[in-house]
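Here is the structure we will look at, set down as C-alpha cells.
The values are calculated or read from the model by the stated rules, or taken from the named source; none is laboratory data. None of these values were measured; they are calculated from a predicted model. Cβ sites come from the backbone with ideal geometry, for glycine too, and all protein chains shown count toward neighbours. Calculation scope for accessible area: heavy atoms of the full protein, side chains included, ligands and nucleic acids excluded. Shrake-Rupley method; radii C 1.70, N 1.55, O 1.52, S 1.80 Å.
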Amino acid sequence: MTARDDARDVGLLLRYGLDPTMSPARHDVYSRLLDRFHTDPDLRTAFDETADGLGLRVLTADRSAGLVLIAEPTSPLAVTDVSVWLRIRGTTDRLVYGLALGGATAWCYPTARAVREPGTRRVTALDVDRLVREHAAAIEAEEITIDGGLGEAWREYATNRKQVALTSSGRLKRDCTVRMCEDVLLMLASFGLIVADRTVPPPRAELKVWRSTDRFRAHVATAGGPLVWQTIIGSPAPEGHQHDSRGQSAHTSYVEPFDAREE
C-alpha cells in the first residue's frame, strides 16, 4: 500500500467510525479496513496521528461495535450544542437531564459486570424515570447516602418536577420528567448508542421502546459512564431496575404514570 492509499483508507475509517449507522458486519469495505487497522502498522500509525490531530480517541474497534470514537472537549468534532434534542433553559434543566442520562446508563448497565459482558437491554423513558425516582426516594429516606453535590439534582427531579404533565391535546409536556427522559433517549439514539426496538409495543404512542448497543457499552466501559451512573450502580438500593421494561417496580412508593398499554 502507498502513502496515498493509507491516507484514503484513514479517511474512510474516520467516516465509518463517525457514522453510527455503519456496521462492519453489514459493510464489506468497512470490515476489510477494520482488519487492516489491526494488522497494518503503517495504516494504524497514520490513523492514530490523524485522529490525534482532530482530537479523537479510539474507544474500541471490533466487528460487533465497529470503530467507536470519542471526541475530546477541545476537538472541532465535539458536540457542543444539544438543543436539537434537549430544551435547556437553565441549571435545573441540566440537572434533570443529567440524572436522566445517568439513569438510562444505569438501567442498561446495572452492574460493573454488565458493562464487560456483550448483550443488549430494552429501555424506555418509564424505566429511566422509575429508576431515578426510586433512588431519589431511597436518598430521601436515608437508605443510601451520596455525595452532597448531587443532592440538589435529586431534589429537583423528584420534588420540583412533575412525572407526567399533558398538553391540551394530550401529549407530554417538555418539562415533565418522563418526556425529558425520552428526549435523552432520542439523543442517545442519534449517536447510535441505542436503537428503536419495534418487536414490542411502546408504552405510549409518543414514547418508544429502545435497545442498547455495543457502542453504548464501549462508551461506558472505556469512559467510565456519568457520575450519576456510578452512584446508582454503587448503591445497594433499590433493585427495581433489574427487571425488564414491563417488570414490576420494587419500590412501593412509585406509581406508574399511565397504563403500559395506553396509546
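According to the Cα gyration tensor, what semi-axes, each the square root of 5 times an eigenvalue, does the equivalent ellipsoid of segment 74-201 have, listed from largest to smallest in whole Å?
22, 20, 17
Give the accessible surface of segment 42-118 per residue, rounded to a whole number of Å², with probe radius 1.4 Å and ligands, DNA and RNA excluded.
52
Hey, can you rank 69-77, 46-54, 212-220 by average C-beta count inside 10 Å, highest first?
212-220, 46-54, 69-77
Please report the equivalent ellipsoid semi-axes of segment 41-83, computed as sqrt(5 x eigenvalue) of the Cα gyration tensor, largest first, in whole Å.
21, 15, 6
For the ranges 123-131, 181-189, what's the packing order if you count other beta-carbon atoms within 10 Å of each residue, average per peptide, and put the highest first?
The packing order, highest mean first, is 123-131, 181-189.
Segment 94-161: D in µm²/s via Stokes-Einstein (Kirkwood Rh, Cα pairs, 4 °C, 1.567 mPa s)?
Rounded to a whole number, D works out at 102 µm²/s.
Can you pull out the trypsin sites (Lys or Arg not before Pro) in segment 1-97 that DSSP calls coil and that have at most 16 other Cβ atoms within 10 Å?
When the trypsin sites (Lys or Arg not before Pro) of segment 1-97 are filtered for loop state and at most 16 Cβ neighbours within 10 Å, ARG26, ARG63, ARG87, ARG89 remain.
Skip the ligands, DNA and RNA, and give the accessible area per residue of segment 147-206 with a 1.4 Å probe, whole Å².
Using a 1.4 Å probe on heavy atoms only, each residue of segment 147-206 averages 49 Å².
Apply the Debye scattering formula to segment 14-149, with a single equal point scatterer on each alpha-carbon and no solvent, then give log10 I(q)/I(0) at q = 0.12, 0.14 Å⁻¹.
-0.71, -0.90
Enter the per residue convex hull volume of segment 158-219, computed from alpha-carbon coordinates, in Å³ rounded to the nearest integer.
101
How high is the relative contact order of segment 1-94, given as a whole-number percent (alpha carbon pairs under 8 Å, six or more residues apart)?
Relative contact order comes out at 24 percent.
Taking 2.2 N^0.38 Å as the expected size of a compact globular protein, what ratio does the Cα radius of gyration of segment 1-61 give against it, to two decimals?
Working it through for segment 1-61, the quotient is 1.04.
Among ILE144, ILE88, ILE139, what's the order by accessible area (1.4 angstrom probe), most exposed first?
In descending accessible area the options line up as ILE88, ILE139, ILE144.
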